[in-house]
Amino acid sequence: MPPCSFTRRLALQATLGLLAAPGLAETRLPQFRTARYQFIELDPVQPMAPLTLQGLDGKPALARPVPGKVCLVYLWATWCPVCRITLPRFERQLADFKARDVELVTISTDERELSHVRQYLVRLGIKRLPVFYDRAGKVIAGAGTQQPLSTAEGLPVIYVTDRRGGVRGYMLGEADWASPQATALLDHIGRL
């Protein structure tokens, strides 16, 4: 191939890329990443089905996104070192989340008894955080392909739903959900 046609082809590809970029920017979510992980956008968006779990009192409770609000669904366990940091952080940030129209749901997928989970939360000083219990993640795993939530990639994992209850994506590990990157992501999802 002559060098001139190669140069023209590159110029054409670059021009087409610039024309396509604004459309792509509107369809993709803002990036949010930590040193080890990044927010993974789900495509297509899948609705989060309500989950019948247990409350901390042992009674059946329904965990689901709050209609009209962005929701963070945090799956965790008492053996998880990162969760010891994240749960108290979420407890402190609860009012800030509510002010931003972001709801928070936490689900313990611990294999231990519910009494152990309650004692663990007391030791961490967790009093206001909405906590559900799904022993060993059985309800989440049992929901199968109809449920986009999973612990298959590890714990902790946090899922983000939009105002219609669609799961927009997830992130593994520890992350500061009050950081500018995270708030940009949550604000963007709140406008969808």
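The values are calculated or read from the model by the stated rules, or taken from the named source; none is laboratory data. Bear in mind that the values here come from a model prediction, so they are computed numbers and not experimental data. Cβ: placed from backbone, ideal geometry, glycine included. Neighbour counts: every protein chain shown.
Overview of values
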item: Test: residue in the range 179-189 that is in the same structural domain as Pro60 (by TED's automatic domain parsing), assigned to a helix (DSSP H, G or I), more than 18 Å from the chain's Cα centre (by Cα) and at pLDDT 95 or above; result: no
item: Qualifying positions in the range 123-169 - in a helix (DSSP H, G or I) and surrounded by 19 or more Cβ atoms within 10 Å (Cβ to Cβ); result: Gly137, Val139, Ile140
item: Output for the range 70-88, where each listed residue is over 20 Å from Leu185 (Cβ atoms), in contact (Cβ under 8 Å) with a residue 40 or more places away in the chain and of a type outside the set (A, V, I, L, M, F, W, C); result: Thr78, Arg84
item: Pairs with Cβ under 7 Å, 6+ apart, first in the range 89-100 and at pLDDT 95 or above, second charged (D, E, K, R) and surrounded by fewer than 17 Cβ atoms within 10 Å (Cβ to Cβ); result: Glu91/Arg128; Leu94/Arg128
